[in-house]
1. For the chain, modelled as a Gaussian network with Cα springs under 10 Å, which listed residue fluctuates most, ILE133, ILE52, ILE68?
2. What order do you get for 61-67, 171-177, 16-22 when each peptide is scored by the mean count of other beta carbon atoms within 10 Å, highest first?
3. Per-residue ellipticity at 222 nm for the chain, helices alone: DSSP H runs ≥ 4 residues times -39500 (n - 2.57), over residue total, nearest 500 deg cm²/dmol?
4. Label 7 Å along Cα→Cβ of THR173; segment 63-100 residues with amide nitrogen under 11 Å?
5. Modelling each spin label as a point 7 Å along the Cα-to-Cβ direction, I'd like the ARG184/THR140 distance in nm, to one decimal.
6. Using 0.36 nm per residue, how much length does the chain from ASN29 to LYS122 gain when fully extended, once their Cα-Cα distance is taken away?
7. Please give the direction-averaged projected area of the C-alpha convex hull for the chain, in square nanometres with one decimal.
Amino acid sequence: MTACGLIFYITGAGGDHRNGLGAHLASLNFAYGGLSLSAGFVRHSFDQKLAIIRSAIEQIDRPEAAIIANSMGAYYLLHSFIDRQPFSGRVLLLSPVLGAASHGFNYSRPPMAANFANALQKRRLPKPARLEIATGMADTSCDYCQAEQVAAALAADQLTLVEGQGHTLDHTTVRQLVERFLHR
């Protein structure tokens, strides 16, 4: 059983890294830190958000570190990896926003989606030492086909597509994914 010495959690929009999944992660036998995509964080410019995440990554970039990022937190994390050395630890992306998504009459386009697609295409987004992606097959914010494409482009180590679940994966599924990720 391999365990990492540090877990860093980046929430989705409006999340608090001290509650929910963050509280669970903090209760485990690992050093724990996190970043909440709270109202204060959201007010920053896109570049400022990336600078905050890059600064955190630089402080924890070592093989025993693990980053778990959810939804928009995963999107910002991936952007922060563009044009930098590969992260030497492990990364788990839960229901990651990966670009523009269209489902029926709903259309979402996160900021800098074209920049992300370009970086992925031109191989400017290096894969961390280990990369796992998990999303629901009924997720309207992360089309599972996008997840498959991003996983293939980055040579992800694990892609988990959860049948019957949408953007908010149920607690049992998330705990199972996190347990498996942390003990590989």
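1. Highest fluctuation of the listed residues: ILE52.
2. Taking the mean over residues of other Cβ atoms within 10 Å, the ranking is 61-67, 16-22, 171-177.
3. Rounded to the nearest 500, the figure is -10500 deg cm²/dmol.
4. Once the point is set 7 Å along Cα→Cβ of THR173, 95 turn out to lie under 11 Å by backbone N, inside segment 63-100.
5. 3.1
6. Length difference between fully extended and current span is 29.6 nm.
7. On the way: hull surface 38.9 nm².
Result: 9.7 nm².
Here, each number is a calculation from the coordinates, and none is a lab measurement. Fair warning: this is a prediction, and the values are worked out from it, not measured in the lab. A quick note on method: Cβ atoms are made from the backbone with ideal geometry, for glycine too, and the neighbour counts reach across all protein chains shown.
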